[in-house]
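To start, the structure under review is shown below, and the notes come after it.
The values are calculated or read from the model by the stated rules, or taken from the named source; none is laboratory data. Everything quoted here is computed from the prediction, not taken from an experiment. As a convention, Cβ positions derive from the backbone with ideal geometry for all residues, glycine included, and neighbour counts pool all protein chains shown.
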Amino acid sequence: MDEQKRIVVKVGSALLVNQDDLTLRYAFMHGLLADIASLRAEGYEVVLVSSGSAAIGLGTLGLRPESAGVADKQAAAACGQPLIINAYKQIAIEFGLDIAQVLLTSEDTENRRRFINTKNTIDRLLTYGILPIVNENDSITTEEIRVGDNDRLAAKVAQMVRAPDFVMLTGVEGLYDRDPAEPGAQFVEEVEDVSVYLEATKSKSTLGSGGMLTKMQAANMAQNAGSTAYIASGILERPISSILKKERRHTRCIAIGDPQSSWRVWLADRLNMAGSLVVNAEAAKRIRSGKTGIQADDLLSVQGEYNKGDVLHVYDETGDEVARGLTNFPSNEVLLLAKQTNEEVSELLGYHSAADIISKDNLVILEGHHLTWDAPEHDVLPISE
């Protein structure tokens, strides 16, 4: 497989579903798959990440997106998923394409074993010349439906398959330096530092639950994984290839240097926070040097209930995020170790283990190009009462 000619394409609900009557936009889907077929003929491998199942399913339930709750959208996704995949199948036949459906939740990308299993499945589908169509499994998710994670989920897929190009098709031409409705708003053709534009990206569409903010977050994740992200409108004719060939306006978020190892990229960019640690100032300094892991006596507080092998966010005393890493212990054991630092691990826990809460090799120091997460404000368990 030639990963240098691999593209992940994400399309949102507003492009796939008519807002007025909640029916599929077959003309757009036809143009999209026609372009994918052309790209495949040029030797490209394409992975399509598609929204739309919940939006099209609302029509089946007789509901409107603005009034539907989370449980309604879960039911709508269950109704809509077979409808949208059947539409893709019928159109794909016209172009001699075979398709496969891959349903994911954020947990499938956060768990390392499931992440690798999903990567292997998509890689094998591409090997056999099949177009993988990935969608978030909205019928069983809750928080993701509220916040619109399909953009970032698509970025995780781009990271997963090591795609050099990540295309997000949306209802606008790309990024503006402020709300496009404001006088003097300027179109942004190229982005290096996504954080500069976050405040200008707060609005979202009616059908989709995401907006330009989640696209900027997704673009940053792609950048960190060595992918160039493109944001452009979803036109009917050649919506993807016209971007790659620079034939129409779009925003290009350039890859940041060479990608880190797939292991470190997976550690660094998360969709959800399993839990977090706050470390003292001296520990934060040592961690930033990249020369040490995290010990029990470094900790000031612990947040969240998590398991061994989950990825934790690490903050200093001022609330700045320092690093992310794979915990060697579940949260109850971390708290126990932090409260009794003079005791041996084996004495406290009843089994032998390395003393590091997070080992140096399983810790990624956040650099300036990573978007950081705000420190959690609730459910923090202090080490000392």
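So here's what we get for this one:
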quantity: Of all residues making up segment 172-189, the number that are within 12 Å of residue 249 (Cβ to Cβ) and touching a helix residue (DSSP H, G or I) at 6+ places or on another chain (Cβ under 8 Å); calculated: 4
quantity: Residue check for residue 40: assigned by TED's automatic domain parsing to the domain that holds residue 120, free of Cβ contacts under 8 Å to residues at least 12 places away in the same chain and surrounded by 15 or more Cβ atoms within 10 Å (Cβ to Cβ); calculated: no
quantity: From the options 261, 241, 233, residue that is closer than 30 Å to residue 107 by Cα, surrounded by fewer than 19 Cβ atoms within 10 Å (Cβ to Cβ) and modelled with pLDDT of 90 or more; calculated: 233
quantity: Looking only at segment 355-367, and only at residues there that are part of a loop (DSSP other than H, G, I, E, B) and touching a residue at least 24 places away in the same chain (Cβ under 8 Å), the one that is nearest to residue 223 (Cα to Cα); calculated: 366
quantity: Some residue of segment 265-275 being surrounded by fewer than 21 Cβ atoms within 10 Å (Cβ to Cβ), over 30 Å from residue 340 (Cα atoms), under 15 Å from the mean Cα position of the chain (by Cα) and among the polar types (S, T, N, Q); calculated: no
quantity: Close pairs (7 angstrom Cβ cut-off, 6 or more residues apart or separate chains): over 17 Å from residue 307 (Cβ atoms) and among the hydroxyl-bearing types (Ser, Thr, Tyr) in segment 334-354, modelled with pLDDT under 85 and assigned to a loop (DSSP other than H, G, I, E, B) anywhere; calculated: 346/352
quantity: Selected residue [among the hydroxyl-bearing types (Ser, Thr, Tyr), under 17 Å from the mean Cα position of the chain (by Cα) and assigned by TED's automatic domain parsing to the domain that holds residue 213] from 121, 109; calculated: 109
quantity: Some residue of segment 96-105 being assigned to a helix (DSSP H, G or I) and either of a type in the set (S, T, N, Q) or free of Cβ contacts under 8 Å to residues at least 24 places away in the same chain (or both); calculated: no
quantity: Of all residues making up segment 267-310, the number that are not in a loop (DSSP other than H, G, I, E, B) and not hydrophobic (A, V, I, L, M, F, W, C); calculated: 10
quantity: Pair list, Cβ < 6 Å and 6+ apart or interchain, from segment 112-126 residues that are at negative phi to residues that are part of a helix (DSSP H, G or I); calculated: 114/108; 115/109; 118/108; 119/160; 122/161
quantity: Residues of segment 27-54 satisfying the condition of being under 15 Å from residue 10 (Cβ atoms) and either outside any helix (DSSP H, G or I) or of a type in the set (Gly, Ala, Ser) (or both); calculated: 46, 47, 48, 49, 50, 51, 52, 53
quantity: Residue match in segment 65-85 (condition: closer than 20 Å to residue 129 by Cα and not charged (D, E, K, R)); calculated: yes
quantity: Single residue of segment 168-200 satisfying the filter (among the small types (Gly, Ala, Ser), out of contact with any strand residue (DSSP E or B) (no Cβ under 9 Å at 6 or more places or on another chain) and assigned to a loop (DSSP other than H, G, I, E, B)) that is farthest from residue 11 (Cα to Cα); calculated: 184
quantity: Only one of 254, 243 that is closer than 17 Å to residue 215 by Cα and touching a His at 6+ places or on another chain (Cβ under 8 Å); calculated: 243
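This table checks each residue for (1) part of a loop (DSSP other than H, G, I, E, B); (2) at pLDDT 85 or above; (3) surrounded by 22 or more Cβ atoms within 10 Å (Cβ to Cβ).
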| position | (1), (2), (3) |
| --- | --- |
| 140 | yes, no, no |
| 145 | no, no, yes |
| 159 | no, yes, yes |
| 202 | yes, no, no |
| 207 | yes, no, yes |
| 216 | no, yes, yes |
| 222 | no, yes, yes |
| 226 | yes, yes, no |
| 229 | no, yes, yes |
